[in-house]
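Let me begin by presenting the structure, written as structure tokens, before commenting on it.
The values are calculated or read from the model by the stated rules, or taken from the named source; none is laboratory data. Note that the structure is a prediction, hence the values are computed from the model and not measured. Neighbour counts are summed over all protein chains in view; Cβ atoms, including those assigned to glycine, are modelled from backbone coordinates with ideal geometry.
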Amino acid sequence: MADTVQFDLVSPERRLASGPVTQVLIPGAEGDMVAMPDHAPVITSLRPGILRMDGPDGSDEYVVTGGFAEISADGITVLAERSLHRGDVTQAHYDEMLGEAREAYEKAQTVFENEPGPVDDAAKVLADMVAVGDHINLDPALGKD
């Protein structure tokens with residue numbers, strides 16, 4: 001059996017997953033990364049995406065909307081702003097998450113009218129949420145007014 005490392009996925013409400021893993025695919029803000037045993041210590045922020053963990057008992061996936069991941073000698077800890085098991089995400093959940101991203105983008109366009117950085121950041125989050133829907137076969141057009 002391959003080496004494993006302790007993994008914990010925590011949201012503000014509860015611990016969603018905990019146990020040994022061989023690797024975790026993390027949707028980092030600067031790009032996807034794979035954390036494995038003996039990975040160099042790092043802290044990264046998350047973007048909306050699919051967090052996938054592989055372990056001795058198989059694979060599992062969660063949709064995350066943001067947060068942080070810490071990789072250390074003690075293990076991999078993901079503190080997600082919001083996270084749902086991939087199998088639990090309904091069109092209604094997705095519409096809500098996508099709506100929040102759309103509202104944040106529209107607000108950024110108003111508040112930061114002549115500052116492209118924050119508007120671009122909000123547009124990227126919105127695009128990432130659309131991509132999540134595509135990945136899990138949910139339709140971003142259904143949540144539009």
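Selection of segment 103-130 for residues being in contact with a Pro (Cβ under 8 Å, 6 or more places away or on another chain) and assigned to a helix (DSSP H, G or I) yields Ala108, Val111, Val125, Asp128, Met129, Val130.
Selection of strands (runs of 3 or more DSSP E) fully inside segment 1-63 by the criterion of at least 1 residues being of a type in the set (Phe, Trp, Tyr) and modelled with pLDDT of 95 or more returns 5-10.
For segment 26-67, a residue qualifies if it is over 23 Å from Leu138 (Cα atoms) and in contact with a Phe, Trp or Tyr (Cβ under 8 Å, 6 or more places away or on another chain), and the qualifying residues are Ile43, Thr44, Ser45, Gly55.
The set of residues in segment 1-47 that are among the basic types (Lys, Arg) and surrounded by fewer than 17 Cβ atoms within 10 Å (Cβ to Cβ) comprises Arg14, Arg15. Residues in segment 84-118 that are among the hydroxyl-bearing types (Ser, Thr, Tyr) and either farther than 28 Å from Ser59 by Cβ or loosely packed, with under 14 Cβ neighbours inside 10 Å (or both): Thr90, Tyr105, Thr110. I'd like to verify a number: residues in segment 69-86 that are at positive phi and under 13 Å from the mean Cα position of the chain (by Cα), how many? Residues in segment 69-86 being at positive phi and under 13 Å from the mean Cα position of the chain (by Cα): 0 in total.
Starting from residues that are out of contact with any strand residue (DSSP E or B) (no Cβ under 8 Å at 6 or more places or on another chain) and closer than 14 Å to Val63 by Cα, keep the ones in segment 119-145 and report whichever is surrounded by the most Cβ atoms within 10 Å (Cβ to Cβ).
Met129
Pairing each residue of segment 113-129 that is under 12 Å from Ala101 (Cα atoms) with any residue that is part of a helix (DSSP H, G or I) and among the charged types (D, E, K, R), provided the two are 6+ apart or on different chains, yields C-beta distances under 8 Å for Ala122/Lys107; Leu126/Arg102.
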